[in-house]
Amino acid sequence: SLSRQFFPEKGVQPLTPELEQALKAKDSFKECDVCPEMVVVPKGSFMMGTPANESDRFKGEDPIHRVSFAKPFAVGRFTISFDEWDACLADGGCGDIKGNVKGFGRGRMPAQGIDFEAAKLYLTWLSKKVGRTYRLPSESEREYFTRAGTTTPFWFGNTVTAQNASSHMPSPPPER
């Protein structure tokens, strides 16, 4: 089935209870014109933790256990962009924390230089703006939606190679 998008034209438009109930997995929505795009993650379960014989495992990643989500939930489809961060700054919700462009620029680029305390300011601002609680995902929620049904140690396979490690990091634009 095709995913659907529900975006307000302008201003704040929280989901109605009827629309929220009608959302299906992979549908996306925004509750205000400057809000992040959220995507619906289906209910389901996965095995969390690592086997004792897995290479490069960290202490505390056991025991393997089933984690279940009885209801769908929504997560940000993309990393918060500087456009979204700057809307919070302009509205007075994010103090004077400008972030750090690190040579990439602002606009739709991912907001960088935002620490945990600043992220909490953003979430508080967003929650007040929309009238519902926005929060960071739990560790099990994050692992569930990033795995997207995979069972290998990494979503791309069993081991990390130099290509895996470097192909997911953006490179800065060339100097002019």
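Each reported figure results from applying straightforward, stated rules to the coordinates on display, with no laboratory input. Since this is a predicted model, take the numbers as computed values, not measurements. Every residue, glycine among them, receives a Cβ derived from its backbone with ideal geometry; neighbour counts consider all protein chains shown.
Here are a few things to note about the model shown:
- For the range 76-83, backbone phi angles converted through the Karplus equation (6.51, -1.76, 1.60; θ = phi - 60°) give residue-by-residue couplings of x, 6, 10, 4, 4, 8, 5, 4 Hz, Gly and Pro being listed as x.
- log₁₀ of I(q)/I(0) at q = 0.32 Å⁻¹ - the range 3-54, Debye sum with one point per alpha carbon: -1.26
- Histogrammed with a bin width of 5 Å, the alpha carbon distances of the range 94-145 distribute as 4, 18, 19, 21, 22, 13, 3, 0 percent, first bin at zero.
- Local electrostatic count at Leu2 - Lys and Arg +1, Asp and Glu -1, tallied over other residues with Cβ under 11 Å: +2
- Working from label points 7 Å from Cα in the Cα-to-Cβ sense, the Ala119 to Thr16 distance is 3.5 nm.
- Long-range HN-HN contacts of Phe73 with modeled amide H, under 5 Å: Val41
- Shape category assigned to the range 19-146 from the gyration tensor of Cα positions, a/c cut at 1.5: oblate
- For Lys30, the lysines whose Cα comes closer than 22 Å to its Cα, not counting residues fewer than 8 places off in the same chain, are Lys10, Lys43, Lys71, Lys120, Lys128, Lys129.
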